[in-house]
1. Working only within the range B:76-86, note down all residues that are in contact with a strand residue (DSSP E or B) (Cβ under 9 Å, 6 or more places away or on another chain) and either surrounded by 21 or more Cβ atoms within 10 Å (Cβ to Cβ) or more than 7 Å from chain A (Cβ to nearest Cβ) (or both).
2. Tally time: how many residues in the range B:538-574 are under 27 Å from residue B:49 (Cα atoms) and part of a helix (DSSP H, G or I)?
3. Looking only at the range B:58-72, count every residue that is out of contact with any strand residue (DSSP E or B) (no Cβ under 9 Å at 6 or more places or on another chain) and either more than 9 Å from chain A (Cβ to nearest Cβ) or not in a strand (DSSP E or B) (or both) and tell me the total.
4. Scan (1) within 14 Å of chain A (Cβ to nearest Cβ); (2) touching a residue at least 12 places away in the same chain (Cβ under 8 Å) for the single condition residue B:644 breaks and write down its number.
5. Can you give me the ranges of the strands (runs of 3 or more DSSP E) entirely in the range B:486-537 with at least 2 residues that are under 18 Å from residue B:115 (Cβ atoms)?
6. Just to be sure I understand, how many residues within the range B:339-374 are assigned to a loop (DSSP other than H, G, I, E, B) and within 19 Å of residue B:224 (Cβ to Cβ)?
7. Suppose we keep only residues that are facing chain B (nearest Cβ under 7 Å) and free of Cβ contacts under 8 Å to residues at least 60 places away in the same chain within the range A:111-129. Which one would you say is surrounded by the fewest Cβ atoms within 10 Å (Cβ to Cβ)?
8. So, in the range A:152-173, exactly how many residues are buried (at least 18 other Cβ atoms within 10 Å of the Cβ) and either farther than 30 Å from residue B:64 by Cα or facing chain B (nearest Cβ under 9 Å) (or both)?
């Protein structure tokens, strides 16, 4: 068995620490200049305006109209790109499997027209909010705001005793060392794995290392939900 | 800061990423709840219908360690096929508001104080008895809603009509779908739709009459959009007074002036006949013509009475009646171009297209709501597009069991679980099943909802028990009825799950078990009854509304009417109740079928659901010789009614130049007492507002988010203006959602109602807009 590569681990730790060091000053120093942030527009419009000028190296894969994305090696995100983590994405759901709320402002026009498709049909880098728009796992549903709403207020009407239940454990930690990790979450309305696990919008900690092998569930299976282990008594069939 | 702007979004996203990255550097240390990971616990997924609207989505509720932890759409549900809306997905959070009513309360010295439940139930029973003794049995009343489960409504009916002997049972559904009931009854002789949601999979054209489905019935609207995605020839037509999300998603948006839908429907029929697009054979074989009284009034007078006098009409008379509704004349009245009217007629009239019409409150909450229901049926009957897959008129409901409880159990003053109180045979059948003397059930109805609250104000009703609804937000012309409820010598009992403006007027508050904290059944818009088991223990002293009624009934000495044990009373009630509907026209699923399936659509004949009634190809109760058999009427024919356009009860004038319409928004359901306690929903839609047309706003010098004052002849309120917002009213109109108890728009609305259905018109009254701080009205 291959020994853990300590040098690689160290580089990774240093890389994450560097990301923290880079991100916090960006947040605290750069962002307060609201004028520097371009008006929020649909990514499709922005990309068209800047045809030929690569905004980020990751734009390419998302302009591929084919069903299965060609996901190139992404490398480390550019310092100016905000890539939400798995935990960020969790924080947008009330419980595992709940529809995430919309983390960006929704204009009055967008609220009426629900024209979310330009950014979310294929996803892609959105310079307006300096992040990647995730690709919807269910483009066939177009009454988007039926399930996804933007939060315009932070206060509650009344306090709540709701407790968000623990999320399923990270799949890798569950099974045999070296085995393909099982899928720890529900799949309903999330059948397209590359929405969350591939491309620039994927949280780095759950981004697949092998997007080209798009038949994901060949190796990764959903965890059961409390089913008992199969057992069979020796004489279950009765005597002949 | 109350609003997340773009900068805050970026800041939080980056900070969240940084926190999560930091957490990976220091194992074992968490950085806030967002990065907490924990062991997965076993979650059991159990079925229940959604708590909110009348669509009746099937949910799977995740239960873990005695708490609800999540929701999935039930993939096996034929209603929603695994998808919900944002309210459904977060519905379980409504169970956990910290201010849940967990103890009984009694008002002492003006304040509600907690008392043991038994003491409160004793007091309710004693005051009921005293009021009956002093003022007669018609001085006590029960007011429920379409949120009642079927056992709740049945227990209320049995206590009040079978036990006490008064017809004083009403429900919020009167404010919501009474016009649909009277529409069905007058056109077909039987209530509830002939078709089902499966029509969506077969239709080519969807005509939405005053129905913002994208927000109010979003799951069904998504099914329509899916249908159009699969067949791009499909067309969605939005007929409305206001531009909404539905308009934007539709292929055609047609705006008409308020109240003129009556003329529009007649105009479509005029054009269908003029163009020869009607189905002469269908009309000849299956339709008869009726006309009724015109100018029936608006119900504004105290002790209003009206009885329609139907008389036979014929084809010639109908054609002559429609001569008033030429496209040009209708265009003048409605504001809809004549070509558009011809186009609508051509959609209905094209024999190659299957057409479904949907409507809800726009048609029902209408001073001519019954007529408007009749007129939509007229169109479908004229072209023979009814009772078959993809063809049919379909009345949607707003409450989860408006059909199942209020319409089928009959929790309205004139009704019984089967038939009406004025029908001797129906009374005899009820008396037989309830095992009470037949003369205990009075043959005369008492008060419809609005008039019941007028009676409370006058003092004709002295005791009112309100369960599972919030009339002190939802009644029109609210101030009068609130003052009435607060009068001395009025005793108001409220059973609810949260404090509301209605518990503010209560003398006793009873703590109710909510939804999945008790066993129950709801019946949705497509005749589908859905059962759920008790999945959670209710908090504190909370008990179901059914059991509250049974406890009070036993204290009144009606033990023999309610002999059931707590463990199986829901099953016993179901078995007794379904005896009322034991015929091929309405037979319901068995208790066991309901428990094992995601809903059962009645009539159930030999174990099979009936998807399309009145069509012998699908409905075993229909006569195969007739093909289409409208067996609810004596002549087995459906009715085409001659119903004219008449103006609204109050229309804009110089002093009050704007139409006021009220309604809902996607995020909140009804008066918001549950959905506002769901954090995501409240944060997405925290307060009410008034939508003003952009041209009107410019003329009045009102900017988006300015504070304005709305004034009607009944009241006034200050509220934030939204210009060019989610909905866009036509010029001369404003819209206010009614979910927010801080902005009681019903202080402004008018309590005019449809004289036949007695359902108020919440969509039309006159207001003016003032800008606080400016002299004079603009």
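The values are calculated or read from the model by the stated rules, or taken from the named source; none is laboratory data. Model, not experiment: these values are computed from the prediction. When we count neighbours, we look across all protein chains shown, and the Cβ atoms used for this are built from the backbone with ideal geometry, even at glycine.
1. B:76, B:77, B:78, B:79, B:80, B:81, B:83, B:84
2. Counting residues in the range B:538-574 that are under 27 Å from residue B:49 (Cα atoms) and part of a helix (DSSP H, G or I) gives 13.
3. Selection size over the range B:58-72: 2.
4. Evaluating residue B:644 over (1) within 14 Å of chain A (Cβ to nearest Cβ); (2) touching a residue at least 12 places away in the same chain (Cβ under 8 Å) leaves (1) as the failure.
5. Values: elements: B:491-496, B:508-511, B:520-523, B:528-532.
Qualifying strands (runs of 3 or more DSSP E): B:491-496, B:508-511.
6. Of the residues in that region, 4 qualify.
7. Once the filter is applied, the top-ranked residue is A:113.
8. Result for the range A:152-173: 7.
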